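Beneath this line is the structure, given in structure tokens, with notes to follow.
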Amino acid sequence: MKIKKLVDSFNYAIEGIIHAVRTQRNMKIHMGAALLVLIACFFYDLSKFELMAIFISITLVIAFELLNTAIENAMDATTNYYHPLVRIAKNTAAGAVLVTAINAVVVGYIIFWDKLNSISLIIMSKIKNSNPYMIFVVLVIVCILTIVMKAVFGEGTPLRGGMPSGHSTIAFSIATTITLITAEPLTTILSFLLALIVAQSRVDSDVHSVWEVAAGALFGILLTLLLFRIFG
């Protein structure tokens, strides 16, 4: 009986995590980012303390997002009208998640920046010495492969809906191209900010889900880097 209760408690906890992933957009983003970071750990020689810092940061973000979800649901269940204290409670819980997310970004920057910097310098030097017409070739290839991906998933049209988001793919592909050509921090920030605005507009207009937009952004960045690596 005690073992059954213990197993049930684990099942309830896992059900709570699954519910948060299924219903909360931010949890999906956190899970996706955590997966990418953990995959990146296989490609770099990280020390024990660096791995500990990464695992602790990921755990804090996910745990606080779960607490935030619990607080929001508890407030909604007990209050069926607007109350300023409920708003404060929800905003404070969301602020706690934001603090842990910022901490995770800082930890990732400290650990991975030096390791990525040498690779990015090699790629940028090759791109700057490549034929300028290759930029347009790369963008055309990105557009074609995006259409192919939409055909594979069989959803939406070339210009509306479906997996991945074509607008996000092209926007982040252009932002990546601009970054690789100029290597100016301000230009990089502005380029990706504009790409993020494009992606957000697709979600706000209910044309794409967060997953479709995130997939398009990741597909555009990685594909552009790969093509420049091959043809640069």
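Miscellaneous remarks
- Global form of region 171-232, assessed from the alpha-carbon gyration tensor, a/c cut-off 1.5: oblate
- Fewest-first ranking of T179, T224, T23, using other Cβ atoms within 10 Å as the exposure measure: T23, T179, T224
- Panel order for S168, S205, by other beta carbons found within 10 Å of each beta carbon, from fewest to most: S205, S168.
- Region 1-61: C-alpha gyration tensor shape, a/c 1.5 cut-off, then a/b vs b/c: oblate
- Modelled FRET efficiency - R0 41 Å, I3 with L196, Cβ distances, 0.05 increments: 0.25
- Neighbour counting of Cβ atoms within 10 Å sorts the residues Y82, Y44, fewest neighbours leading, into Y82, Y44.
- Whole-Hz ³J(HN,Hα) from phi, Karplus 6.51 cos²θ - 1.76 cosθ + 1.60, for region 82-88, glycine and proline x: 5, 9, x, 5, 5, 4, 5
- The reciprocal of the average 1/r between distinct C-alpha atoms defines the Kirkwood hydrodynamic radius, which for region 1-117 equals 16.2 Å.
Read-outs: derived from the displayed coordinates by stated rules, not from any lab. Bear in mind that the values here come from a model prediction, so they are computed numbers and not experimental data. When we count neighbours, we look across all protein chains shown, and the Cβ atoms used for this are built from the backbone with ideal geometry, even at glycine.
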